[in-house]
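Reviewing the structure listed below.
None of the figures in this text is laboratory data; all of them are computed from the coordinates on show. It should be emphasised that the depicted structure is a prediction, and the values quoted were computed from it without experimental measurement. Because the Cβ atoms are built from the backbone with ideal geometry, glycine has one as well, and the counts that use them run over all protein chains shown.
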Amino acid sequence: MIPFVDLKSQYLSIKSEIDKTVLDALENTDFIGGASVKNFENEFKNKLGVSHCVGVANGTDSIFIILKALGIGPGDEVITVCNSWISSSEVITLLGAKVVFVDIDPVTYTISINDIKEKISPKTKAIIPVHIYGQSCDIDEIVKLANENNIFVIEDCAQSHFTKYNGKNVGTFGIAASFSFYPGKNLGAYGDAGCIVTNDEDLAIKCRMIANHGSLIKHAHNIEGLNSRLDSIQARVLTIKLKHIIDWTNLRISKAKYYTENLENIGDLVTPSIRFNCSHSFHLYVLQTRFRDELFQYLSDNNVQVAIHYPKLLPFLPAYSYLNHKTGDFPVAEDFSKKIISIPLFPELSVDSQDIIINLIKEFFKNK
Ligand SMILES: *Cc1c(COP(=O)(O)O)cnc(C)c1O
């Protein structure tokens with residue numbers, strides 16, 4: 001069986017360091033806050049190239065907290081993309097604002113600038129572009145458009161740790177950005193974890209307050225907030241993993257390249273394109289074919305774990321039936337969502353496994 005991701009082999013490759021730091025946390029009862037969290041926040045912000053990092057409990061809370069800190073609420077509209085994980089949109093509604101979904105670009109699969117232009121209204125307060133699968137959105141254009149319209153840009157970087165746009169890491173372009181360290185993400189903790197990054201000091205302080213019951217010092221609750229903190233053990237794990245993230249990202253990139261070189265000109269298969277002047281951190285390697293369902297079955301039957309990101313566009317989930325979207329509202333993404341299939345890609349994936357997958361795909365298309 002070739003798994004979709006293999007978290008065990010990554011753990012084994014760094015086992016001695018991880019075991020030591022986790023045992024250290026237990027010995028020192030280092031559970032919440034303290035030096036290990038501060039240390040991770042510092043190292044992450046320095047590596048990313050941003051001035052503030054606030055560790056939080058997960059990558060959903062991080063978006064929620066940023067929006068809350070920016071004062072987004074009832075009467076406001078927030079634009080996000082129709083092809084993402086529900087975190088990108090559910091936090092908007094939870095704050096009482098209205099989510100406005102937009103279509104994707106057919107080449108990069110990221111949020112469509114033209115459709116953003118169509119959907120900006122006087123009520124639009126923020127845009128949440130998602131650097132989906134590890135591919136950067138056209139973030140300069142989005143920031144430019146947002147500035148012209150006095151709108152905040154909050155980057156959802158849950159799938160794009162150390163993806164570069166014109167030489168700069170994504171997450172450093174908008175007013176703030178959200179990262180998830182869910183175990184399966186490119187930089188993954190051993191449980192839930194996330195962070196907020198920003199160059200705006202006031203916003204960072206506000207986010208930290210909201211994540212800590214509205215207080216920076218014990219018992220000084222200036223506002224109401226949440227309990228959404230980064231655990232010390234997770235911060236320690238992430239600090240160790242952060243040392244390897246660039247190597248792991250480069251491995252993903254070279255393995256993606258190997259797939260693409262070997263999967264070109266096969267049937268109607270479309271391999272991922274990479275935005276000009278950008279890097280793609282390949283959280284996911286997503287192919288397109290109109291034989292998607294058959295290929296999914298074929299690879300599964302041959303012991304290759306595959307997945308679909310995502311089988312249903314957000315506007316068509318039951319949670320959003322109240323928006324009354326209909327077929328044709330998101331033409332590009334609707335067509336795309338019927339054709340996409342994600343195949344295994346992780347830093348520890350062997351060339352042998354890749355060859356097995358490539359040959360199975362070639363075999364499948366022989367009869368097409
Ligand atoms: C994983 C993910 C999130 C949420 O992260 P959690 O840490 O699981 O809350 C948000 N947005 C996108 C695009 C994601 O893939």
Quiz prompt | Gyration tensor verdict on the stretch 232-364 (Cα atoms; rounded if a/c is under 1.5, prolate if a/b is larger than b/c, oblate otherwise) | solution = oblate
Quiz prompt | Equivalent ellipsoid semi-axes - Cα gyration tensor, the stretch 134-262, angstrom | solution = 29, 22, 10
Quiz item: Hey, got a sec? Which chymotrypsin sites (Phe, Trp or Tyr not before Pro) in the stretch 18-96 land in a DSSP loop and have at most 13 other Cβ atoms within 10 Å?
Solution: 31
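What order do you get for 249, 172 when you list them from fewest to most C-beta neighbours inside 10 Å?
By the 10 Å Cβ count, ascending: 172, 249.
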Quiz prompt | Rg in Å to one decimal, and Dmax rounded to a whole Å, for the stretch 11-80 via C-alpha atoms | solution = 16.9, 52
Quiz item: By the scheme Lys and Arg +1, Asp and Glu -1, what is the net charge of all other residues having a beta-carbon under 11 Å from that of residue 283?
Solution: +2
Quiz item: Points 7 angstrom from Cα along the Cβ direction at residue 243 and residue 224: gap in nanometres?
Solution: 4.4
Quiz item: Within the stretch 185-268, which GluC sites (Glu not before Pro) sit in a loop by DSSP and count at most 15 neighbouring Cβ atoms inside 10 Å?
Solution: 224, 264
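Counting other beta carbons within 10 Å of each residue's own, what order do 100, 78, 107 fall into, fewest first?
Starting with the residue having the fewest Cβ neighbours, the order is 107, 100, 78.
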Quiz item: Is any helix in the chain, taking whole DSSP H runs, at least 20 angstrom long along its axis by alpha carbon and on average at least -0.5 on the Kyte-Doolittle scale, and which ones?
Solution: 351-366
Quiz item: What size of dipole, in debye to the nearest 20, comes out for the chain about its Cα centre when the only charges are +1 on Lys and Arg C-beta atoms and -1 on Asp and Glu C-beta atoms?
Solution: 160
Quiz prompt | Amide proton proximity set for residue 4, modelled H, under 5 Å, gap of 5+ | solution = 305
Practice problem: Determine the percent antiparallel among the DSSP beta bridges restricted to the chain, to the nearest 5. | Solution: 55
Self-check item: Three-way shape label, the chain, alpha-carbon gyration tensor, a/c 1.5
Solution: oblate
Quiz item: Which residue, 233, 63, 356, tops the fluctuation ranking in a GNM of the chain built on C-alpha contacts under 10 Å?
Solution: 356
Quiz item: Cα centroid distance between the stretch 109-158 and the stretch 282-306, in Å?
Solution: 30
